[in-house]
Number of protein chains: 2
Amino acid sequence: MNKINDKILINAQILRDFSFTLLKKINMDDKTSAFVTDSLVQSDLRGVDTHGVVRLPTYLKRFTTIEWKNSEVIKDDGVTALIDGNNSPGQACAGKAMELAIEKAERFGVGLVGVKNSNHFGTAAFYTMKAAEEGMVGLSFTNASPRLAPWGGKDPLLGNNPWSFAFPRRNGVPVAFDISNSVVAAGKIRQASMKGEEIPIGWATDKEGNATQNAEEALKGLLLPIGGHKGYGITLVVDILSGILTGSGFARQINGIDKTDSPQNVGHLLGAIKISNFIPYEEFLDRMDTMTCLIKNSEKAPGVEELYLPGEIEEKLCQERLKYGIPIPQKVITKLNEMADELGVDRLVVN
Amino acid sequence: MNKINDKILINAQILRDFSFTLLKKINMDDKTSAFVTDSLVQSDLRGVDTHGVVRLPTYLKRFTTIEWKNSEVIKDDGVTALIDGNNSPGQACAGKAMELAIEKAERFGVGLVGVKNSNHFGTAAFYTMKAAEEGMVGLSFTNASPRLAPWGGKDPLLGNNPWSFAFPRRNGVPVAFDISNSVVAAGKIRQASMKGEEIPIGWATDKEGNATQNAEEALKGLLLPIGGHKGYGITLVVDILSGILTGSGFARQINGIDKTDSPQNVGHLLGAIKISNFIPYEEFLDRMDTMTCLIKNSEKAPGVEELYLPGEIEEKLCQERLKYGIPIPQKVITKLNEMADELGVDRLVVN
């Protein structure tokens, strides 16, 4: 058994088969199970471990507890469409929405598809990279449960609403930009809290809206947006695009991912843009090559070894993990195997 | 004469007529002169003084020095179009592009128009607010001359590329989000430098890429992006959308606004989305009302008097300045009147 500290290296395909089997067992169809599985395992491969199979128990719980059915297109006007997620898994809703957006972009130059009544969709780049792989610009927006206040406020009213843009490059690895709008993720504050460490001023406030270095207090308080009022504005824009415009939940109407007895009311907006509607595709790739060279060869600040394009670090990790396996913490494996036992499927093969 | 400190209050219409006359005098046609004038005076009205008539001397110099002609649509594929700016004023290029995007969105649900070979276009919200006034979602992106490094770098490779989204609201005042991607604008560092004050760590680096509190050193160095690698990613995304995708200049190919003997090679991307392609327009407005109420009535942090939506502070100032006049610094008026003398038009009427 290959171990790194308390983590065990698992082959990506084995993890994929295991996830797929679990999801099928709770009566998800093949396509839905595949979307969820691909999203989770891709996150683990790319080092976004918070959005990987660690989420599987929550998903299994939610989709055996709430009422849901597969999503359906409820409005189609050519360039745009609206999907009712019917409270089904976010990955399947957004995955189908991006497939539709790509079809539309192929035909019209642009495709824009909204989704309402969805759930957590994993990483935003999972969808935009699909557009980039088809030689298109991909865009995705989603709202999420409240963690940020309007700038100057102390009420957690807005989600840390992730968004992504991806662009194709000649070597096949897209530029994949994917962020949420707080200075750091809540997970980083949780880590500091567990280690009993202080956090820097500027990461979070206590629940009264005061700046704090105390990680415990910060966890009860607010995440601070990047750039102050700027990040507040961004997260509001993403909520309007994915929640208000689609007819889905927004602001405080979104339920947290761990509240597994309720649909989350999440909304998404997915889009694709056909590059040759603007400039010839090969010329776009040339220009992306030029930008890549400029960035990779530009001067580094003291102590910096390499400059990266968005998504490049994740891609490196992905190649490494495809080769050597994905490090999964022992306690996550234990939890997953408990779920496997409960559902009567084979445990995760660890070797 | 109404004065506030060294500033003189000028009536918006008088300022508008003065600007229009100056621009006409250098052989800009009515429409181009009107776009530039409206953008400058709207900026002054909304308190974005850095993008107001203070820029007029630079514009007058550029467009009497370089070769340019009016922009033209060089590619139209229904939902999308591409405009060659022919080095004409950015406001006219982007203004026409947004008009076209709105027409397309009315017809197809979405309109997306790229612009290449353009110049500084003023504030990004100037265009998105036009879409919002037509009851649509507006989006705009532009690149700009290099001020930021790739995260970890010390080469100013990327512009502080502004972008905007605007959304209609029932009372007629749109939510108008408009940011550039650095923690603070260069102007704020220039102010500190003039006052001999230090700047906070996190605003900028010296030219070696080291953190600095010295405003002088910072002016020779780099602006720091919001959220570190996140803001770097955003500014790169905006450069790809407005520069690379449109076939315009990008990264270091963009000339600064003050280099008046050269075209700037700036690119833009303007878009409009028809709301009723997703949900009924009245329902969208209801939901925007709900969001507005939530934000305005949510709890304030200690010492905060009011919470604002993006664009709300600017709108308040606009109403005030429409009533009492726009405060223009005496030295700007002097400069403008020198230009008026040079071009043989009437000086600005100050009363």
| Positions within the stretch B:231-257 being closer than 18 Å to A:PRO168 by Cβ, in a loop (DSSP other than H, G, I, E, B) and polar (S, T, N, Q), in sequence order | B:THR246
| message | Looking at B:THR212, B:THR235 in this structure, which one is open to solvent by less than 10 Å² (accessible area, probe 1.4 Å) and polar (S, T, N, Q)? | response | B:THR235
| request: Kindly check whether there is at least one residue in the stretch A:181-198 that is at pLDDT 95 or above, within 30 Å of B:LEU245 (Cβ to Cβ) and under 15 Å from the mean Cα position of the chain (by Cα). | output: yes
| Among the numbered criteria (1) open to solvent by less than 10 Å² (accessible area, probe 1.4 Å); (2) outside any loop (DSSP other than H, G, I, E, B); (3) modelled with pLDDT of 95 or more, which single criterion is violated by A:ALA218? | (3)
| request: Could you please find all residues in the stretch B:287-309 being more than 7 Å from chain A (Cβ to nearest Cβ) and touching a residue at least 60 places away in the same chain (Cβ under 8 Å)? | output: B:ASP289, B:THR292, B:LEU309
| query | List, please: which pairs have Cβ atoms under 7 Å, are six or more places apart or on different chains, and start with a residue in the stretch A:209-220 that is within 14 Å of chain B (Cβ to nearest Cβ) and end with one that is assigned to a helix (DSSP H, G or I) and buried (at least 17 other Cβ atoms within 10 Å of the Cβ)? | reply | A:THR212/A:ALA218
| task | Determine whether the stretch B:265-278 contains at least one residue that is within 30 Å of B:ASP17 (Cα to Cα), assigned to a helix (DSSP H, G or I), away from chain A (no Cβ under 14 Å) and touching a residue at least 12 places away in the same chain (Cβ under 8 Å). | result | no
| Matching residues, the stretch A:199-209, being open to solvent by 20 Å² or more (accessible area, probe 1.4 Å) and under 18 Å from A:SER180 (Cα atoms) | A:GLY202, A:TRP203
| query | Is there a residue in the stretch A:156-167 that is open to solvent by 10 Å² or more (accessible area, probe 1.4 Å), of a type in the set (A, V, I, L, M), part of a loop (DSSP other than H, G, I, E, B) and out of contact with any Phe, Trp or Tyr (no Cβ under 9 Å at 6 or more places or on another chain)? | reply | no
| message | On the basis of being assigned by TED's automatic domain parsing to the domain that holds A:ALA81, at pLDDT 95 or above and surrounded by 14 or more Cβ atoms within 10 Å (Cβ to Cβ), does A:ILE244 make the cut? | response | yes
| task | Search the stretch B:128-182 for residues being of a type in the set (Val, Ile, Thr) and in contact with a His (Cβ under 9 Å, 6 or more places away or on another chain), and hand back the single one that is nearest to the other protein chains (Cβ to nearest Cβ). | result | B:ILE179
| Leading residue by the ranking (nearest to the chain's Cα centre (by Cα)) among those in the stretch A:108-122 that are within 19 Å of A:ILE257 (Cα to Cα) and open to solvent by 10 Å² or more (accessible area, probe 1.4 Å) | A:HIS120
| said: For the stretch B:200-219, check the following and say yes or no: at least one residue is β-branched (Val, Ile, Thr) and under 26 Å from B:ASN119 (Cβ atoms). | reply: no
| Any chance the stretch B:276-284 includes a residue that's among the small types (Gly, Ala, Ser) and touching a Ser or Thr at 6+ places or on another chain (Cβ under 7 Å)? | no
| query | open to solvent by 30 Å² or more (accessible area, probe 1.4 Å), assigned by TED's automatic domain parsing to the domain that holds B:ILE26 and in a strand (DSSP E or B), is that true of B:ARG147? | reply | yes
| Some residue of the stretch B:312-335 being farther than 30 Å from B:ALA97 by Cβ, in the same structural domain as B:LYS154 (by TED's automatic domain parsing) and hydroxyl-bearing (Ser, Thr, Tyr) | yes
| query | Any residue at all in the stretch A:71-79 that is touching a residue at least 60 places away in the same chain (Cβ under 8 Å), surrounded by fewer than 24 Cβ atoms within 10 Å (Cβ to Cβ) and either among the polar types (S, T, N, Q) or assigned by TED's automatic domain parsing to the domain that holds A:ILE328 (or both)? | reply | no
| Candidates B:ALA94, B:ALA125 - the one that is among the small types (Gly, Ala, Ser), open to solvent by less than 10 Å² (accessible area, probe 1.4 Å) and within 14 Å of another protein chain (Cβ to nearest Cβ) | B:ALA125
| note | The number of residues in the stretch A:180-208 that are touching a residue at least 24 places away in the same chain (Cβ under 8 Å) and of a type in the set (Val, Ile, Thr) is 4
| Quick one: in the stretch A:294-342, which of the residues that are surrounded by fewer than 18 Cβ atoms within 10 Å (Cβ to Cβ) and among the basic types (Lys, Arg) is nearest to A:PHE18 (Cα to Cα)? | A:LYS335
| field | Considering residues of the stretch B:128-144 that are open to solvent by less than 30 Å² (accessible area, probe 1.4 Å) and either modelled with pLDDT under 95 or assigned to a helix (DSSP H, G or I) (or both) only, the residue nearest to B:GLN42 (Cα to Cα) | value | B:MET129
| request: Would you mind stating whether A:GLY187 is more than 11 Å from every other protein chain (Cβ to nearest Cβ), of a type in the set (Gly, Ala, Ser) and either within 30 Å of B:GLU299 (Cα to Cα) or touching a helix residue (DSSP H, G or I) at 6+ places or on another chain (Cβ under 9 Å) (or both)? | output: yes
| field | Selected residue [open to solvent by 50 Å² or more (accessible area, probe 1.4 Å) and either farther than 16 Å from A:SER88 by Cα or of a type in the set (Ser, Thr, Tyr) (or both)] from A:THR58, A:THR32, A:THR64 | value | A:THR64
| field | Boolean, A:VAL41 is more than 20 Å from A:ALA186 (Cβ to Cβ), of a type in the set (Val, Ile, Thr) and crowded, with 18+ Cβ neighbours inside 10 Å | value | yes
| request: Looking at (1) out of contact with any Asp or Glu (no Cβ under 8 Å at 6 or more places or on another chain); (2) within 10 Å of chain A (Cβ to nearest Cβ); (3) within 24 Å of B:ALA92 (Cβ to Cβ); (4) surrounded by 24 or more Cβ atoms within 10 Å (Cβ to Cβ), find the lone condition where B:GLN253 falls short. | output: (4)
| Members of the stretch B:152-178 that are among the basic types (Lys, Arg) and either farther than 30 Å from A:GLU305 by Cβ or touching a Pro at 6+ places or on another chain (Cβ under 8 Å) (or both) | B:ARG169, B:ARG170
| From the list B:SER39, B:SER43, which one is modelled with pLDDT of 95 or more, assigned by TED's automatic domain parsing to the domain that holds B:PRO162 and within 16 Å of B:SER118 (Cα to Cα)? | B:SER39
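The values are calculated or read from the model by the stated rules, or taken from the named source; none is laboratory data. This one's a predicted model, so the numbers in the text were calculated from it and none came from an experiment. Glycine also receives a Cβ, built like all others from the backbone with ideal geometry; neighbour counts cover every protein chain displayed. Calculation scope for accessible area: heavy atoms of the full protein, side chains included, ligands and nucleic acids excluded. Shrake-Rupley method; radii C 1.70, N 1.55, O 1.52, S 1.80 Å.
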